[in-house]
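See structure below.
The values are calculated or read from the model by the stated rules, or taken from the named source; none is laboratory data. Worth saying up front: this structure is predicted, and the values here are computed from it rather than measured. Neighbour counts are summed over all protein chains in view; Cβ atoms, including those assigned to glycine, are modelled from backbone coordinates with ideal geometry.
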Amino acid sequence: MRRSLRISSSLFAGLTFLSMGGCAELKGSGADEALATSGGVLNRSQQVRREARIFASTCAHCHVGHSGGIPRAGVAEDWNGRETQDFDMLVQHAIEGYRDMPPLGTCSYCSRAEIAAMTALLVAGSEIVVPALAEVGAD
Amino acid sequence: MRWTRRALIRDAMVAAGLVTLPGFRVDGLPGVASAASAPEDGLAWKNWAGDYACRPRLRAAPRDEAALVELLRNATGTIRPVGAGHSFSPLVPCEDTLIACDQMSGVIGFDAETMQAEVWAGTRLHELGPALERVGQALINQPDIDDQALGGALATSTHGTGQGMGSLSSYVTGLTLATPSGDLIECDADRDAEVFHAARCSLGSLGVVTRVRMQNRAPYRLRETTTLVPMDELLAQAEALRDAHRHMEFMALPHSGLGLLITTDETEGDEVELAEDPQAVYGLREAWDAVGQNGEVYRQALMQVLGGATEVRQGPSHRVLAHDRFVRFREMEYTVPADQGPACLAEILETIEREQIPVIFPIEYRYVSADDVWLSMFNDRDGASISIHEFVDADHRPVFDAIEPIFWRYGGRPHWGKWHSLGAARLKDRYAHWDDFAKVRDRLDPKGKMLNAHLSTVLGAEKRG
């Protein structure tokens with residue numbers, strides 16, 4: 001079932017978590033300075049908003065609520081059974097396109113890091129995505 | 001590296017954090033804070049089918065019109081707009097600046113009396129239905145694939161099917177265009193009418209459409225029925241079936257003498273049933289491979305698998321008209337005069353069987369009403385659109401090359417966003433307003449900044465300066 005718009009606000013929290021977690025992980029490596037830089041670098045809220053938009057407009061369209069061979073966001077068994085178990089390979093498939101997965105997941109402007117973030121959210125984010133899906137009653 | 005749940009969480013956090021590191025700057029031009037570029041990671045862009053690619057210096061997603069205008073004013077080299085990349089023709093590839101409007105999305109405003117809504121062109125079609133529903137409106141018609149960005153769909157006159165119903169472009173009542181020089185033009189049938197007639201289907205050659213005002217209607221519910229029918233029956237009754245339903249299309253199943261008839265009508269029914277098998281087409285391929293390309297056995301196999309089962313889907317219009325199309329393919333589509341449609345499709349099917357062309361992907365047949373959009377495939381004539389598909393892992397050229405000349409004999413116009421082999425010399429006589437469009441394009445983009453190699457070929461235009 002298509003719930004991309006309804007779900008986007010709930011996933012926003014998950015994406016915020018990812019970004020915040022990433023920043024915490026990277027403290028001391030220049031991340032805060034980068035976040036504070038103006039004139040070209042998106043600040044944290046802008047980046048989270050951008051990622052939420054990417055997820056809602058592209059990833060969620062196929063990976064939320066569907067079955068029929070498409071691995072669902074946050075559904076561990078859909079991903080654990082994949083032929084490839086290599087995260088870097090999954091990201092590369094998302095970038096290059098693989099079988100029914102279109103290149104860049106149809107996000108024409110996404111960076112490699114954003115594709116990796118979206119892939120990680122889809123695959124590993126069950127702790128984040130499942131509660132968010134439950135909130136809106138998605139299957 | 002094999003992963004565990006814990007490792008993935010860690011990777012997710014790191015991956016998300018990476019986008020804020022200095023090495024992943026998201027600016028491409030000074031002052032364009034929302035433009036995302038990837039010169040450092042050098043990612044190539046590819047279309048949905050994966051057969052066209054480019055590695056632009058800048059892939060940008062401006063956050064608002066001001067950023068877009070600044071980007072256009074400062075960009076050097078070729079500029080191309082991009083949506084979801086769902087075109088099967090090389091409209092997008094360029095080596096300089098690729099602009100996506102995805103970050104400008106949603107309903108801007110609406111008028112409950114006229115049932116019109118202004119929408120950001122970066123809105124994906126699958127987001128548009130729910131967004132309009134929230135303001136008490138619905139699209140009058142829409143394509144069966146809803147991955148596309150609205151701006152991209154309009155640039156190619158993308159369409160659905162239905163008696164008395166036009167393409168998406170035909171429901172545009174006004175739009176805002178950011179020109180290559182960085183001006184914003186608001187146009188409609190009364191203001192800058194020539195730009196309006198050209199920009200509703202422009203192949204992205206006039207600049208970047210940012211906002212679109214759509215003529216809509218009140219939300220409605222649909223009931224779709226799919227039945228297996230002998231192809232001879234479908235061809236004989238095509239026009240009667242079109243006139244009997246709000247939407248009618250069929251999927252001819254090559255080598256079988258069968259077709260799937262899909263009719264859709266309004267309903268008051270409450271229940272929602274939208275289940276479908278998006279990968280069913282793989283079953284056709286497996287059946288074909290299993291019977292050794294024996295047409296009669298294949299037909300019997302399909303009769304057993306598909307026969308007698310009538311599938312019903314029911315729900316809000318935007319969910320019934322859209323279908324899950326996960327299986328990737330390449331596509332060629334021509335629109336022939338509506339009254340020529342059945343004969344054209346019959347000749348295509350006869351050719352496939354006579355020449356034993358091994359294509360089993362369903363051939364889609366739809367009706368679309370005439371419009372006044374200058375470069376629309378439906379300009380000034382009702383059309384029957386016939387779509388040939390091939391799996392992405394198969395060679396599409398033998399199939400397309402064998403069938404394309406049939407379309408030419410019926411006066412076909414190619415879908416701008418799908419594969420075809422025509423250039424400007426053979427296209428211009430198919431459109432009464434070809435020269436009118438060229439004048440508008442020349443005025444808005446005198447240097448040809450929006451022209452990539454494909455657009456130069458199909459529009460017969462060249463870069464200057």
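Would region B:422-436 turn up any residue that is small (Gly, Ala, Ser), in a loop (DSSP other than H, G, I, E, B) and within 21 Å of the chain's Cα centre (by Cα)?
Yes, some residue in region B:422-436 is small (Gly, Ala, Ser), in a loop (DSSP other than H, G, I, E, B) and within 21 Å of the chain's Cα centre (by Cα).
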statement: When restricted to B:240, B:218, B:193, B:189, the only residue over 26 Å from residue B:347 (Cβ atoms) and without any contact (Cβ under 8 Å) to a residue 12 or more places away in the chain is B:193
Meets criteria (touching a Leu at 6+ places or on another chain (Cβ under 7 Å) and surrounded by fewer than 17 Cβ atoms within 10 Å (Cβ to Cβ)) for residue B:439: no
query: Looking at residue A:88, is it within 7 Å of chain B (Cβ to nearest Cβ), assigned to a helix (DSSP H, G or I), farther than 22 Å from residue B:129 by Cα and modelled with pLDDT of 75 or more?
result: yes
message: Out of the residues in region A:94-116 meeting the condition of being more than 24 Å from residue B:324 (Cα to Cα) and in a helix (DSSP H, G or I), tell me which one is farthest from the other protein chains (Cβ to nearest Cβ).
response: A:114
message: Condition (residue is in contact with a Lys or Arg (Cβ under 6 Å, 6 or more places away or on another chain) and aliphatic (A, V, I, L, M)) applied to region B:414-431: is it met by at least one residue?
response: no
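How many residues are surrounded by fewer than 21 Cβ atoms within 10 Å (Cβ to Cβ) and under 25 Å from residue B:265 (Cβ atoms) if we restrict to region B:298-321?
11
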- prompt: Taking the condition surrounded by fewer than 23 Cβ atoms within 10 Å (Cβ to Cβ), within 15 Å of residue B:214 (Cβ to Cβ) and touching an Asp or Glu at 6+ places or on another chain (Cβ under 7 Å), does residue B:160 pass?
  reply: no
query: Can you tell me which residues in region B:254-282 are assigned to a helix (DSSP H, G or I) and either among the β-branched types (Val, Ile, Thr) or under 19 Å from residue B:399 (Cβ atoms) (or both)?
result: B:281, B:282
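Look at residue A:40 and say whether it is modelled with pLDDT under 85, of a type outside the set (A, V, I, L, M, F, W, C), closer than 19 Å to residue B:49 by Cα and surrounded by fewer than 23 Cβ atoms within 10 Å (Cβ to Cβ).
no
Looking only at region B:419-465, count every residue that is at negative phi, touching a helix residue (DSSP H, G or I) at 6+ places or on another chain (Cβ under 9 Å) and not charged (D, E, K, R) and tell me the total.
Keep residues of region B:419-465 that are at negative phi, which gives B:419-447, B:449-459, B:461-464.
Cutting the leftovers down to touching a helix residue (DSSP H, G or I) at 6+ places or on another chain (Cβ under 9 Å) gives us B:419-424, B:426-428, B:431, B:433-441, B:443-444, B:449-451, B:456-459, B:461-463.
From what is left, the residues that are not charged (D, E, K, R) are B:419-424, B:427, B:431, B:433-434, B:437-438, B:440, B:444, B:450-451, B:456-459, B:461.
Result for region B:419-465: 21.
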- prompt: Does residue B:384 satisfy the criteria of being crowded, with 19+ Cβ neighbours inside 10 Å, touching a residue at least 24 places away in the same chain (Cβ under 8 Å) and not in a loop (DSSP other than H, G, I, E, B)?
  reply: yes
message: Yes or no: region B:177-200 includes at least one residue that is under 30 Å from residue B:295 (Cβ atoms) and of a type outside the set (Lys, Arg).
response: no
Any pair with Cβ under 6 angstrom, 6 or more apart, that starts in region B:255-281 at a residue that is within 14 Å of another protein chain (Cβ to nearest Cβ) and ends at one that is of a type in the set (Phe, Trp, Tyr): B:278/B:326
query: Would it be correct to say that residue B:53 is hydrophobic (A, V, I, L, M, F, W, C), modelled with pLDDT of 90 or more and over 17 Å from residue B:103 (Cα atoms)?
result: yes
query: Only one residue in B:303, B:251 is within 29 Å of residue B:393 (Cβ to Cβ), at pLDDT below 85 and of a type in the set (A, V, I, L, M, F, W, C), so which one is that?
result: B:303
task: Kindly check whether there is at least one residue in region B:260-270 that is over 26 Å from residue B:404 (Cβ atoms), within 23 Å of the chain's Cα centre (by Cα) and among the small types (Gly, Ala, Ser).
output: no
- line: Within region B:352-363, the count of residues that are surrounded by fewer than 15 Cβ atoms within 10 Å (Cβ to Cβ) and either without any contact (Cβ under 8 Å) to a residue 24 or more places away in the chain or in a helix (DSSP H, G or I) (or both) comes to 2
- prompt: Regarding residue B:276, is this residue exposed (fewer than 13 other Cβ atoms within 10 Å of the Cβ) and either at pLDDT below 95 or farther than 12 Å from residue B:365 by Cα (or both)?
  reply: no
